[in-house]
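J.: For reference, the structure I am asking about is given below.
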Amino acid sequence: MTNHYPELFHRHDLNPILTAANWPYPVHSVFNPAATLLPDGTTLLLCRVEDRRGHSHLCAARSANGVDNWQIDSQPTFMPDPQHFPEELWGIEDPRITYIPELKKYAVVYTAFSRYGPGVALAFTEDFRQFERYGVIMPPEDKDAALLPHRIDGQWALIHRPVSGPRAHMWISYSNDLRNWGSHKLMMEARWGAWWDANKIGLSPPPIETPQGWLVIYHGVRNTAAGSLYRVGLALFDLNVPDRCLKRSDEWVFAPEEPYERFGDVGYVVFPCGYTIDSDGDTIRIYYGAADSSIGLATGSIRNLLSWLETHG
């Protein structure tokens, strides 16, 4: 058979690897996890956990192999703090983790849900036990954000997705101090018309630094008569000028197919927020929210992603 699209991401046989049933305290759903490898090789997921109010917090799950035997914190790891940060009144959501070698800390960029909508917030941690909050760094409505791991021309860089009209695009902004942001530049636009990413796009996990450029896994949303479809595509950006797009996939590469991705609180959604890279420097594991209800794992090859993008960009 030759009428099959190439499969760039392979779902794990144990999917979904985490559900609310795994949690040590009562929760409604778990999804959209950030991910990182700790120094001892442990995979840490910082999961979005939603309660029956509809409010979310973040909880860490750790695994030696990144697949099963997850050790989940017995209490929420990172709770909203509306008393000191009123922009977190209705919860915190959808984290992305970037390790910052210069600071020797992990940056956690997350969505703070305020009375005025979602905004981008930042916190730092060394151990995922104690967190230093910076508060909101991009006001509502803005989300889908992550820090680059090092400075670009002396400045920190943040990719994010503000909303200012019927479509929503990816932007990049710069800062000297991680608190005050400017030099905002449009990074990539949602397409018009019938495209799979026609209505809004946003960063999925943090960018991957490769010799060819910043490899970005992004989500695109197409509005249909039956609702929204969330799929995943690829793009490549210049290492030194990260708002310059070098390649962008015409086609989506990962989409809701399995029952746990098509049926849930929000159906037909795959939404990666985190990845880890194996010791070979090529094997990538993406951790994604499935239908806003559970967490899935899919594996691919960075080399294959770049090769595919070279011919399909």
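Every number in this text was worked out from the coordinates using simple rules, so none of it is lab data. The shown structure was predicted, so the numbers you read here are calculated from the model rather than taken from an experiment. Cβ sites come from the backbone with ideal geometry, for glycine too, and all protein chains shown count toward neighbours.
J.: Take the conditions among the β-branched types (V, I, T) and either in contact with a helix residue (DSSP H, G or I) (Cβ under 6 Å, 6 or more places away or on another chain) or not in a loop (DSSP other than H, G, I, E, B) (or both) and apply them to V109. Does it pass? I'd like the intermediate steps shown before the answer.
T.: Details: among the β-branched types (V, I, T): yes; either in contact with a helix residue (DSSP H, G or I) (Cβ under 6 Å, 6 or more places away or on another chain) or not in a loop (DSSP other than H, G, I, E, B) (or both): yes.
In short, yes.
J.: What is the one condition in (1) closer than 14 Å to H10 by Cβ; (2) crowded, with 22+ Cβ neighbours inside 10 Å that A291 does not satisfy?
T.: (1)
J.: Moving on to the next point. Could you count how many residues in segment 160-171 are assigned to a strand (DSSP E or B), touching a Leu at 6+ places or on another chain (Cβ under 7 Å) and either over 16 Å from W214 (Cα atoms) or β-branched (V, I, T) (or both)? Walk me through it before giving the result.
T.: Taking segment 160-171 first, the residues assigned to a strand (DSSP E or B) are 160-163, 168, 170-171.
So of that shortlist, the ones also touching a Leu at 6+ places or on another chain (Cβ under 7 Å) come out as 161, 170-171.
Imposing the further condition that a residue be either over 16 Å from W214 (Cα atoms) or β-branched (V, I, T) (or both) reduces the set to 161.
The total comes to 1.
J.: Does segment 219-226 contain any residue that is touching a strand residue (DSSP E or B) at 6+ places or on another chain (Cβ under 6 Å), surrounded by 15 or more Cβ atoms within 10 Å (Cβ to Cβ), small (G, A, S) and within 22 Å of E93 (Cα to Cα)?
T.: Within segment 219-226, the subset touching a strand residue (DSSP E or B) at 6+ places or on another chain (Cβ under 6 Å) is 219-222.
Now narrow it down to the ones that are surrounded by 15 or more Cβ atoms within 10 Å (Cβ to Cβ): 219-222.
With the extra rule that they be small (G, A, S), the set shrinks to 220.
Filter once more, so that each one left must be within 22 Å of E93 (Cα to Cα): 220.
Yes, segment 219-226 contains a residue that is touching a strand residue (DSSP E or B) at 6+ places or on another chain (Cβ under 6 Å), surrounded by 15 or more Cβ atoms within 10 Å (Cβ to Cβ), small (G, A, S) and within 22 Å of E93 (Cα to Cα).
J.: Right, another one. Tell me which of these Y99 doesn't satisfy, since it passes every other one: (1) surrounded by 19 or more Cβ atoms within 10 Å (Cβ to Cβ); (2) part of a strand (DSSP E or B).
T.: (1)
J.: Now a separate question. So, in segment 144-202, how many residues would count as being hydrophobic (A, V, I, L, M, F, W, C) and closer than 19 Å to V232 by Cα?
T.: Within segment 144-202, the subset hydrophobic (A, V, I, L, M, F, W, C) is 145-148, 152, 156-159, 163, 168, 170-172, 178, 181, 186-188, 190, 192, 194-196, 198, 201.
From what is left, the residues that are closer than 19 Å to V232 by Cα are 145-146, 159, 168, 170-171, 187-188, 190, 192, 194-196, 198, 201.
Final tally of qualifying residues: 15.
J.: For segment 111-130, check the following and say yes or no: at least one residue is surrounded by fewer than 16 Cβ atoms within 10 Å (Cβ to Cβ), in contact with a strand residue (DSSP E or B) (Cβ under 8 Å, 6 or more places away or on another chain) and under 21 Å from T36 (Cα atoms).
T.: Within segment 111-130, one or more residues are surrounded by fewer than 16 Cβ atoms within 10 Å (Cβ to Cβ), in contact with a strand residue (DSSP E or B) (Cβ under 8 Å, 6 or more places away or on another chain) and under 21 Å from T36 (Cα atoms).
J.: Is one or more of the residues making up segment 273-289 over 26 Å from E310 (Cβ atoms) and without any contact (Cβ under 8 Å) to a residue 40 or more places away in the chain?
T.: There is no residue in segment 273-289 that is over 26 Å from E310 (Cβ atoms) and without any contact (Cβ under 8 Å) to a residue 40 or more places away in the chain.
J.: Within segment 28-35, is there a residue that is part of a loop (DSSP other than H, G, I, E, B) and either more than 19 Å from P206 (Cβ to Cβ) or touching a Leu at 6+ places or on another chain (Cβ under 9 Å) (or both)? Steps first, answer last, please.
T.: Residues of segment 28-35 that are part of a loop (DSSP other than H, G, I, E, B), as a first pass: 28.
With either more than 19 Å from P206 (Cβ to Cβ) or touching a Leu at 6+ places or on another chain (Cβ under 9 Å) (or both) added as a condition, the list becomes 28.
Checked against the condition, which is being part of a loop (DSSP other than H, G, I, E, B) and either more than 19 Å from P206 (Cβ to Cβ) or touching a Leu at 6+ places or on another chain (Cβ under 9 Å) (or both), segment 28-35 yields at least one hit.
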